[in-house]
Structure formats: structure tokens, C-alpha cells
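Inspection log for the structure reproduced underneath, given as C-alpha cells.
The values are calculated or read from the model by the stated rules, or taken from the named source; none is laboratory data. Owing to the predicted nature of the structure, the values given are computational and were not obtained by experimental measurement. In this analysis, Cβ positions are derived from the backbone assuming ideal geometry, glycine residues included, and neighbour counts consider all displayed protein chains.
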Amino acid sequence: MTTDPKQLSEHLADAFKKGEGVEQLTVVAPELTVREAYQVQLATIEKALGAGETITGKKIGLTSLAMQQSLGVDEPDYGHLLASMEVPEGGKVAADKVLQPRVEGEIAFVLKEKLIGPEVTAFDVIRATDYVVPAIEIVDSRIKDWKLTLADTVGDNASSGLYVLGNKRFDLTELDLRLVGMALYKNGELVNTGAGAACLDHPINAVVWLANKLAEYDIALLPGEVILSGALSAAVPAEPGDEFEMKFNRMGNVKVSF
């Protein structure tokens, strides 16, 4: 297969038609670069928009050392969030909505002003943020067995799946996000912990990175968009019947079940 973005996007879409993961992009297109992989991602998003979807924000992936180690990469990536990806707090995820789901605790930013790189600073992010909320990201992969290079996950919309936002909103000046602790419970059992500092040393740094990275593709972050700033610990696999709760020590709790 060539590195044609639309063809590779269709290859990924076959995963839902088959109900299982497909072969790696970098196997079917060995010459695929990370920059070309972002074009594959954009081809997928453009098709979704053509079908009536709306963009609700962005997600930043691979910001924690734990996630980078689990996938064998050494830099973040980003993907697009769509309206159909949002699950209500405490809601249930239908089995046909996901393929190989894994669950992460994150801090989400909701913007009130536009951010456009390439010279965005932490101060700019603070000024542009309306509020932050605790969140769950349900990452998923169209690629079988989560066998990924950076180009694979980038092309697959940064392994985006679904997301859940907490109901409590916080001003950035109310707390130090570096010190926000998170405990991840699966079926009532503590299985993972993390803190804001695990996300590029501070979640604000992740949003700075995103805004400046997007400038390479002439994309701005817009008012009202949700930014999932990155995992606070390694992702935990989810199976039908599982229930997850993220307890944030200064921001409340968020739940989802499968």
C-alpha cells in the first residue's frame, strides 16, 4: 500500500467493519513518516466532519513517562476529539463503541480564548483557559494488539477512543495541577496512582506543546474546545462489565463503566 492518507485512513476504518484490530500502518506502508501519519489522521477527521461530526477539542498522548515506555516512544502526540466520543460522567460504554479499550485518568482544560502557535507560553495557556476538570480518557486502537510505533498511533488519531468529563469545574488559579493526585479504581480495587507532575512535569506544559505543535499544520485551539492534557499514569485495560472510578485528591471523582 502507498502512503496515501485516504487509503491508510480506510485501512484503519476496516477495524470496526471487522470488529477487530488491523495490521500496523507501518507494516502496510513501511515508508510512512510521522508527518505523513498526521495527514492520515486529518483524512479520518475530514471524513467524519463530512458525515456530520463536530470537533470538540484535542487530546495529547504519550505525555507521561509510563505511557511512553509502554509504547516505546519518546515524544508526545495529539489527536482530535469529536462530539460522538464524549460519554456522560457515570455513563456506560457500549461494547460496539470500542475495540481494545484502556482507561486513563487525566486533567482536561476547557478554553475561553483562541490559542495559536508557534510562540504560545504557559502564561498564554493560563489566560486562555476557562476552567479545568478531572477526566477519564478511554484510549483505543484500531491496530491489532496495540503494536505501535509513533507513526502508527499518530495516524490512528493518537489512539483516541472516548472521554468522560467530571462535573466539578476549577479555575487554574485555585490549585497547583502538578500536585493533584489521582487514584484509579477498577471494580472497586486500587490499581494505579499518578499525579499532575507525571504529565510533562505540569499539565500546562502539555497544552503549550500542543498549541505550538498544531502551528505546523495551521491549526488553532479554539474557544470552547476541550483539551485532554495527558495520562497521569499507565493505561489500564477494560473489559465488558468493568467499572472504573478516578479519585482526584483536589478535584473530585469521575466514573465510567463498560
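A compact table of results
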| item | result |
| --- | --- |
| Residue within the range 39-51 that is in a helix (DSSP H, G or I), over 19 Å from the mean Cα position of the chain (by Cα) and surrounded by fewer than 20 Cβ atoms within 10 Å (Cβ to Cβ) present | yes |
| Pairs where the first residue, in the range 115-130, is in contact (Cβ under 8 Å) with a residue 12 or more places away in the chain and under 17 Å from F170 (Cβ atoms) and the second is surrounded by 17 or more Cβ atoms within 10 Å (Cβ to Cβ) and of a type in the set (D, E), C-beta under 6 Å, 6+ apart | none |
| Extreme residue, surrounded by the most Cβ atoms within 10 Å (Cβ to Cβ), among residues of the range 186-195 that are within 19 Å of the chain's Cα centre (by Cα) and under 23 Å from M85 (Cβ atoms) | G194 |
| Pairs with Cβ under 9 Å, 6+ apart, first in the range 1-26 and aromatic (F, W, Y), second surrounded by fewer than 19 Cβ atoms within 10 Å (Cβ to Cβ) | F16/D96 |
| Odd one out for V28, checked against (1) surrounded by fewer than 17 Cβ atoms within 10 Å (Cβ to Cβ); (2) touching a Leu at 6+ places or on another chain (Cβ under 9 Å); (3) of a type in the set (A, V, I, L, M, F, W, C); (4) under 15 Å from S159 (Cα atoms) | (4) |
| Which numbered condition R102 fails, given (1) in contact with a Ser or Thr (Cβ under 8 Å, 6 or more places away or on another chain); (2) surrounded by 17 or more Cβ atoms within 10 Å (Cβ to Cβ) | (1) |
| Residue among T3, T33, T44 that alone is over 30 Å from R178 (Cα atoms) and at pLDDT 95 or above | T44 |
| Single condition V125 does not satisfy, out of (1) modelled with pLDDT of 95 or more; (2) out of contact with any Gly (no Cβ under 8 Å at 6 or more places or on another chain); (3) outside any loop (DSSP other than H, G, I, E, B); (4) surrounded by fewer than 21 Cβ atoms within 10 Å (Cβ to Cβ) | (4) |
| From the options A158, A151, A135, A183, residue that is assigned to a strand (DSSP E or B) and within 18 Å of the chain's Cα centre (by Cα) | A135 |
| Any hit, the range 61-81, residues being at pLDDT 95 or above and surrounded by fewer than 20 Cβ atoms within 10 Å (Cβ to Cβ) | no |
| Residues located in the range 161-180, provided they are part of a loop (DSSP other than H, G, I, E, B) and either closer than 29 Å to K6 by Cα or of a type in the set (F, W, Y) (or both) | G161 |
| Residues located in the range 4-25, provided they are surrounded by fewer than 19 Cβ atoms within 10 Å (Cβ to Cβ) and either of a type in the set (V, I, T) or assigned to a helix (DSSP H, G or I) (or both) | K6, Q7, E10, A13, D14, F16, K17, K18 |
| Residue pairs meeting the criteria (Cβ under 9 Å; at least 6 apart or on separate chains; first closer than 10 Å to V103 by Cα, in the range 235-258; second β-branched (V, I, T) and part of a loop (DSSP other than H, G, I, E, B)) | A238/V93; A238/V98; V256/V93 |
